[in-house]
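The values are calculated or read from the model by the stated rules, or taken from the named source; none is laboratory data. Quick caveat: nothing in here was measured; it's all calculated off a predicted structure. Cβ placement follows ideal geometry from the backbone for every residue including glycine, while neighbour counts extend to all protein chains displayed. Just so you know, the surface numbers come from the protein's heavy atoms only, side chains and all, with ligands and any DNA or RNA stripped out. Shrake-Rupley method; radii C 1.70, N 1.55, O 1.52, S 1.80 Å.
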Amino acid sequence: MKVLVINAGSSSLKYQLYDMTDESVLASGRVERIGMDSSIVTHEPAGKPEVRQVSEILDHVTAVKRVMEMLTNPEFGAIAHMSEIDAVGHRVVHGGEAFSSSVLVTLEVKLEIRKLFDLAPLHNPAHMMGISAVEANLPGVPQAVVFDTAFHQTMPNTSYLYPIPTVLYRRHQVRRYGFHGTSHSYVSAQAAAYLRKPLESLKMITCHIGNGASCTAILNGKSYDTSMGMTPLEGLMMGTRSGDLDPAIVPFVMNKEELTLNEVNSMLNKHSGMLAVSGISSDMREVTEAMEEGDKNAKLAFDMYCYRVKKYIGSYAAAMNGLDVLVFTAGVGENSAALRKAVCEGITFLGIELDDKRNAERRKDTREITVAGSKVKVLVVPTNEELLIARDTFRLVKQSRTS
Ligand SMILES: Nc1ncnc2c1ncn2[C@@H]1O[C@H](COP(=O)(O)OP(=O)(O)O)[C@@H](O)[C@H]1O
Ligand SMILES: CC(=O)OP(=O)(O)O
Ligand SMILES: [Mg+2]
């Protein structure tokens, strides 16, 4: 069975085509700047050189059509005909309380995703466009949705409720949901397999540190607490997002700077975090480079970023009354030895003994970076959200065919 995985954002669409007989990736790529003057399509067929095209792609239906053209291109495609695609799996960021696992797309499921537009205005409308675009281009092909929030539906109410009037939860579902669940779930299972221990027996903290970043406390194999909240703004300091702050800052700044709701939202989501503090970039590579060249603001941004990761690890170790395994994943977590060192050096009291040489190694596989005998094992685990989406899609479609 061939499964196409789609991660649709407001102005981008990433894709990966899997052959599920051996889980190999036949092709992957992305369409960027959808709806803007010049869109960029980058297509990477397995074993062939990358193809890059610049053209005008005004909406997601056209973007999916272009992806199909790339995938079936006689020169650099991966399949002969679109009918070879048996199923499509989508990443959906917000599943609210309605979804605690992946599901096949039905009319009811689409209505539920629509109901959640308010809670994820940047993400869910884009995902819906992706789903509709596939319906238009591949009519009759089954689709599945895999939610970022699903893994965190096991959190106890002590973790997911906010201490505000409960009527707001009842009326508007104001509560903590958590995100990056597909990644936290995938890397925690990988870590347990690497250590040859049942996941349920380990107290684990997974740190997904990419553009968006979140930490999750995993107890008895389930999400017990996570740093993102009702939206992906809460928690850690991120590339352009503030993470935790005193909520009183919002009305204060709105009043002083005469900002609208949209403006303050945009300030906290797009103009804060590492970008704001460094004054240089939201990209960890550029901030680290500037720091190494002696830039003081870059150093402050890096230090604040790491300090906040360290604080979450400390609080989750307390929440679980212990820690066996700490996992770093995603763009920064997998690649920045400097971040891992800065974080781990400050929490040796938990029983973490980092191996500097192992930490500095540049590898692409799951590995331990603590010394043999370290009480807490620290692992770097490459995440693969797309593979988990492909697996869930494959499983759901197979089940629906046999039932
Ligand atoms: N070699 C590296 N060293 C440090 N940071 C890196 C490296 N490679 C990628 N990153 C960082 O990873 C981040 C992007 O992470 P990623 O997980 O791809 O994000 P997203 O999926 O949210 O777009 C960027 O801040 C980038 O600078
Ligand atoms: C939920 C979220 O923050 O996703 P991303 O890291 O892809 O921005
Ligand atoms: Mg990501």
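Things to note:
- Spin-label model, Glu293/Lys115: points 7 Å from Cα along the beta carbon direction are separated by 5.2 nm.
- Prolate/oblate/rounded call for the stretch 79-220, Cα gyration tensor, a/c under 1.5 rounded: oblate
- Å² of accessible area per residue within the chain, as computed with a 1.4 Å probe and no ligands counted: 46 Å²
- Across the stretch 2-147, Cα-Cα pairs more than 28 Å apart make up 16 percent of the total.
- Gyration tensor (alpha-carbon) shape descriptor, the stretch 236-279, a/c threshold 1.5: prolate
- Helix-only [θ]222 nm of the chain, DSSP H runs n ≥ 4, -39500 (n - 2.57) each, per residue, nearest 500: -11500 deg cm²/dmol
- Most simply put, the stretch 2-147 has about 75% antiparallel DSSP beta bridges, counting only bridges with both residues inside it.
- Cβ-Cβ FRET estimate between Tyr162 and Met82, R0 fixed at 41 Å, reported to 0.05: 0.35
- Rounded if a/c under 1.5, otherwise prolate or oblate - the stretch 233-339, Cα gyration tensor axes: oblate
- Computed from the alpha carbon positions, the gyration tensor of the stretch 197-385 leads to an equivalent ellipsoid with semi-axes of 30, 20, 13 Å, biggest first.
- Over the stretch 284-403 - Rg/Rh using Cα atoms and the Kirkwood inverse-distance radius: 1.10
- Solvent-accessible area, 1.4 Å probe, carbon plus sulfur percent, for the chain: 52 percent
- Phi to ³J(HN,Hα) by Karplus 6.51 cos²θ - 1.76 cosθ + 1.60 over the stretch 240-245, Hz, x for Gly, Pro: 10, 9, 5, x, 4, 7
- A compact globular protein would have a Cα radius of gyration near 2.2 N^0.38 Å; the ratio found for the stretch 4-72 is 1.08.
- Counting only Cα atoms, the size of the chain along its three principal axes is 57, 55, 48 Å, in decreasing order.
- For the stretch 155-165, Karplus couplings with θ = phi - 60° (6.51, -1.76, 1.60), whole Hz, Gly/Pro x: 4, x, 5, 5, 8, 9, 8, 9, x, 10, x
- Each Lys and Arg Cβ is given +1 and each Asp and Glu Cβ -1; about its Cα centre, the stretch 2-147 then shows a dipole of about 220 debye.
- Percentage, to the nearest whole number, of Cα pairs in the stretch 132-289 over 23 Å apart: 52 percent
- Extending 7 Å from the Cα toward the beta-carbon at both Gln53 and Asp303 defines two label points whose distance is 5.0 nm.
- Signed unit charges on C-beta, dipole axis of the stretch 197-385, positive-most listed residue Gly235, Ala290, Pro198: Pro198
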